[in-house]
Amino acid sequence: MFADAANAEGSASTHPQDVATRLKELRSLLTDASNAYYILDTPTLEDSVYDRLYRELEALEAANPELVTPDSPTQRVGEQPAEQFNSVEHNLSLYSLENAFDYPELQKWDERWRKIEDRADAAYVCELKIDGSAIALTYTDGVLTRGATRGDGIKGEEITQNVRTIRTIPLRLNVENPPKQVEVRGEAFIPLNTFEEINQAREKAGEERFANPRNAAAGSLRQLDSRMVAERRLDFFGYTLQFPDGVELRDDFKPQSQWESLELLQRMGFRVNPNRKLCESLEAVQAYFDEWDTKRHDLPYMTDGAVVKLNDSRLQEELGFTQRFPRWAIALKYPAEEVPTTVKQVTFQVGRTGAVTPVAELAPVQLAGTTVARATLHNGDRISELDLHIGDTVVVRKAGEIIPEVVRTLAELRPAGATAVKMPMDCPECDQALVRPEGEAVTRCVNNACPAIVTGALIHWVGRDALDIDGMGKKLVEQLVDKGMVKSVADIYQLTTDELASLERMGKKSAQNLVKSIADSKARPWPRVLYGLGIRHVGSVNAQVLTGQFTSVEALSGAELEAIAQVYGMGDEIAQSVKDWFSDESHQQLVTALQQAGLQFVGEQPTEAQGEQPFVGQTFVVTGTLPTLSRSEAKALIEQAGGKVTGSVSKKTSYVVVGEDAGSKLKKAEDLGIALLNETELQNLLA
């Protein structure tokens, strides 16, 4: 029809119908060729032929921009750099996985889920755990419409134009009549040979080498220029298939198991890791794990273990999730890489809670792709267990492959006259006597005026999740404490422009902006103020829960221990920590000073339903679209009333709240005889 790309523009003007037909034909040819090359590893076109067809497609689309489609091969690369990444809420939460490091821990996981729903015939699917970056892909009517990073599991960053550059991610699903919407989860990674090529190029350009393929993959996905992402040549394995509630599915799009889901992903055009296995027992799982402990070193990509999933989809749905993990899956991880080095000295760090942490200063050594020169020793008990001396040769590994720690001491290599390491008696920052509370392994400084504690408390207070004081970074906080200008959090509200302008790297304008930012922080709500106080065990979520129940600092500080402990999600340990904090006289003075400075220590009054918490001990599932409430709003109302909201229906579910287009969860609730509520009935219960 068209001899070559040079004819495209002229032909487009005279034969619009032919142009549309040729565009469709070219896209199909190039997509099939790309799938054969990148997915099936069986090339069907010579590179020169592919290039000629691709140039013809580019020319036709340039002459007919109104005919460009999002699934066209030309849309993979070349978009303008993004100004920023938008935060997007995942259609379905991306949970992390619980870790097991040996067979006994794997058995304990197996025993836990069997207590909920024991199944003698349960099978397991084992997949290699790829060391990359998890992403979620949304397809609408078969076309890729969104790509997002994992983020915190609830929200991630939209990186659609970047994932389009990954050749093993189809822009259009390779199936006829695809579902209205489908979400695919998987791992984006950089193959080892590509990783080495990238690092060699960076060295030649005078740039720092990437530490490891995982960091390189994560950093690449967040590049603002998709052309740079394309140059990194990322790869992708799909491992999970999700269909939102209410999506109508044909029978061949209803996988009944994880194994069937993987096969369906392949039919859709995704690469799925070929080194997977269906195992009928835990012993077979362990055999798979042991086999790959050796073979993994020959793989073209990094893997740090195996992901073990229960195969039966209905069983997965029955088990559901904890607050952090799916109960039906676990990551069985290989021991972290270990290397020997020597201890040059031991320093003692004081944190914002007064905890004194010993840190080994080491002769620098390469460990899991990074240079390690320091490693945690945890506490005094650990020092005693290691029998650690200055100059010792020690074995270091990365705990959870993140934090370097000393595993053991090689005492036979100890130099003569080496000095034993001991915990200090006095605080290395303020010289006050240290204490070790009964029942704790941690040694603490209890002087609230200790410069290290004040510095840590200030850094926490000004952080984004707390009072979010823009312009007050760590270096500035350290200056303020070192110069004696700030001795408590409350003191920052007395700082003047002139005082701040006298500090290093602070001009008059910067000082004025910081004073304004400090003043603006007075409007932050009570939950963020409570979190900012830095009470042990009270993170941002617990602060939200506590301030929902105790709507003023007076109510919380004066509450009985039992009243705090009974708040949903708290318990005895958190309650005791809160009571201990408010019992400290210096903390009482701090609260008073902050109140006088104008900080918010009063929140919204609870509704009657919140006060009574009528849903304590009851579990809810919300499915479908409610008339006036979003799912997050419904969840918040239920949790404020003491209830728990989960993502799957089981025999333990108390109620299922049903909206329009409710899907499989409604059917399962009906099968199990679970009570159903519409939005009005839910509101009536709350009232």
### Number of the exception - TYR301 against (1) among the hydroxyl-bearing types (Ser, Thr, Tyr); (2) surrounded by 20 or more Cβ atoms within 10 Å (Cβ to Cβ); (3) assigned to a strand (DSSP E or B)
(3)
### Message
Can you find, within segment 396-417, the residue that is surrounded by the most Cβ atoms within 10 Å (Cβ to Cβ) among those that are of a type in the set (Lys, Arg) and touching a residue at least 24 places away in the same chain (Cβ under 8 Å)?
### Response
ARG397
#### Entry: Residue count, segment 70-86 (criterion: modelled with pLDDT of 75 or more and over 14 Å from LEU221 (Cα atoms))
5
### Query
Taking only pairs six or more apart or across chains, which ones have beta-carbon atoms under 8 Å, a first residue in segment 195-209 that is of a type in the set (Asp, Glu), and a second residue that is open to solvent by 60 Å² or more (accessible area, probe 1.4 Å)?
GLU203/ARG209
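Quickly run through segment 235-254 and pick out the residues that are open to solvent by 30 Å² or more (accessible area, probe 1.4 Å) and either closer than 25 Å to THR625 by Cα or without any contact (Cβ under 8 Å) to a residue 60 or more places away in the chain (or both).
Matches in segment 235-254: GLN242, PHE243, ASP245, GLY246, VAL247, GLU248, LEU249, ARG250, ASP251, ASP252, LYS254.
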### Task
Could you tell me whether segment 412-430 includes any residue that is in a strand (DSSP E or B) and farther than 30 Å from LEU495 by Cβ?
yes
### Query
Could you say which residue among VAL538, VAL578, VAL567 is touching a Leu at 6+ places or on another chain (Cβ under 8 Å), over 24 Å from MET472 (Cα atoms) and touching a residue at least 40 places away in the same chain (Cβ under 8 Å)?
VAL578
### Task
Starting from residues that are in contact (Cβ under 8 Å) with a residue 60 or more places away in the chain and either touching a helix residue (DSSP H, G or I) at 6+ places or on another chain (Cβ under 7 Å) or of a type in the set (Val, Ile, Thr) (or both), keep the ones in segment 625-650 and report whichever is surrounded by the most Cβ atoms within 10 Å (Cβ to Cβ).
VAL649
### Task
Among the numbered conditions (1) open to solvent by 40 Å² or more (accessible area, probe 1.4 Å); (2) without any contact (Cβ under 8 Å) to a residue 60 or more places away in the chain; (3) within 35 Å of the chain's Cα centre (by Cα), tell me where ALA420 comes up short.
(3)
### Message
Among the residues of segment 361-389, what is the count of those that are farther than 16 Å from LEU410 by Cα and either β-branched (Val, Ile, Thr) or not in a strand (DSSP E or B) (or both)?
### Response
11
### Task
Take the residues in segment 338-395 that are touching a helix residue (DSSP H, G or I) at 6+ places or on another chain (Cβ under 7 Å) and open to solvent by 40 Å² or more (accessible area, probe 1.4 Å), then tell me which one is nearest to THR455 (Cα to Cα).
ARG352
### Query
Would segment 90-97 turn up any residue that is at pLDDT below 85, in contact with a strand residue (DSSP E or B) (Cβ under 6 Å, 6 or more places away or on another chain), open to solvent by 70 Å² or more (accessible area, probe 1.4 Å) and within 25 Å of PRO213 (Cα to Cα)?
yes
### Message
Looking only at residues that are in a loop (DSSP other than H, G, I, E, B) and at pLDDT below 80 in segment 593-615, which one is most open to solvent (accessible area, probe 1.4 Å)?
### Response
GLU604
### Query
If you check ARG232, ARG276, ARG327, ARG271, which single one turns out to be of a type outside the set (A, V, I, L, M), in contact (Cβ under 8 Å) with a residue 12 or more places away in the chain and out of contact with any strand residue (DSSP E or B) (no Cβ under 9 Å at 6 or more places or on another chain)?
ARG232
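So if I check each of GLU248, GLU263, which one is over 16 Å from VAL307 (Cβ atoms), in contact with a Lys or Arg (Cβ under 9 Å, 6 or more places away or on another chain) and of a type in the set (Asp, Glu)?
It is GLU248.
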### Search result, residues across segment 423-449 that are more than 35 Å from the chain's Cα centre (by Cα) and at positive phi
ASP431
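The values are calculated or read from the model by the stated rules, or taken from the named source; none is laboratory data. Everything quoted here is computed from the prediction, not taken from an experiment. Heads up, the Cβs are rebuilt from the backbone with ideal geometry, glycines too, and the neighbour counts pull from every protein chain shown. For the accessible areas, the whole protein counts, side chains as well, though only heavy atoms, and no ligand, DNA or RNA atoms are used. Shrake-Rupley method; radii C 1.70, N 1.55, O 1.52, S 1.80 Å.
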